[in-house]
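Student: Mind looking over this structure? Questions follow.
The values are calculated or read from the model by the stated rules, or taken from the named source; none is laboratory data. The structure presented is a predicted model; accordingly, all values stated were derived computationally and were not measured. Note that we place each Cβ from the backbone using ideal geometry, even for glycine, and neighbour counts take in every protein chain shown.
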Amino acid sequence: MPLTLEEKKSVVAEVADVASSAHSAIAAEYRGLTAVEMTELRANARNEGVYLRVVKNTLAARAVAGTEFECIAESLSGPLLLAFSLEDPGAAARLLKDFGKKHENLSVQLVAVGGQVHPASELERLASLPNREQALSQLLAAMKAPVEKFVRTLNEPQAKLARTLGAVREQKEAQGA
């Protein structure tokens with residue numbers, strides 16, 4: 001059933017709003033997926049903070065116009081679903097990568113990050129990006145490491161003295177016994 005003009009405007013406005021605040025976008029061909037599989041994919045997307053939408057290519061091209069994902073407009077062809085990462089750049093990539101392992105009918109066509117279109121082969125790189133919590137823990141570990149090394153360095157002379165005195169005491173005990 002074709003969309004009315006008002007419905008088309010609504011879809012374009014919704015996708016444009018999401019695209020303006022998204023970190024990355026992925027277009028994937030979904031031909032061959034059953035309704036149950038699509039429902040499963042949509043549920044997983046909601047849980048992961050990914051906006052997932054099947055949109056006609058002409059409407060999608062209008063929706064991304066004026067956003068950093070404008071670069072994907074000329075690459076849209078065939079039945080595609082768009083996945084936008086809302087919380088962290090790799091969320092949509094991880095979602096589609098994991099879902100694609102179980103369902104070979106899902107085929108990623110393009111990946112867009114930072115205003116540039118990348119081939120589908122870049123999906124693995126984008127999926128390997130850490131999420132927010134992982135990135136913060138890596139940053140904290142990097143900030144904490146020099147301090148720990150400094151404290152160990154400051155503590156080493158006293159520890160060496162204690163080990164030396166302990167060795168001398170053991171040696172004297174061994175001579176006296």
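Student: Any idea which of Ala83, Ala73, Ala63 is out of contact with any strand residue (DSSP E or B) (no Cβ under 8 Å at 6 or more places or on another chain), touching a residue at least 12 places away in the same chain (Cβ under 8 Å), surrounded by 22 or more Cβ atoms within 10 Å (Cβ to Cβ) and not charged (D, E, K, R)?
Tutor: Ala63
Student: In the stretch 124-177, which residue that is hydroxyl-bearing (Ser, Thr, Tyr) and either surrounded by 10 or more Cβ atoms within 10 Å (Cβ to Cβ) or closer than 30 Å to Leu110 by Cβ (or both) is modelled with the highest pLDDT?
Tutor: Thr164
Student: Restricting the stretch 19-60 to residues that are exposed (fewer than 12 other Cβ atoms within 10 Å of the Cβ) and not in a helix (DSSP H, G or I), which is farthest from the chain's Cα centre (by Cα)?
Tutor: This residue is Thr34.
Student: If you check Arg163 against the conditions, is it in a helix (DSSP H, G or I) and either among the polar types (S, T, N, Q) or in contact with a helix residue (DSSP H, G or I) (Cβ under 8 Å, 6 or more places away or on another chain) (or both)? Even if it seems obvious, please write down each step before you answer.
Tutor: Working: in a helix (DSSP H, G or I): yes; either among the polar types (S, T, N, Q) or in contact with a helix residue (DSSP H, G or I) (Cβ under 8 Å, 6 or more places away or on another chain) (or both): no.
In short, no.
Student: Assuming Pro89 fulfils every condition listed in (1) loosely packed, with under 13 Cβ neighbours inside 10 Å; (2) assigned to a loop (DSSP other than H, G, I, E, B) apart from one, which condition is it?
Tutor: (1)
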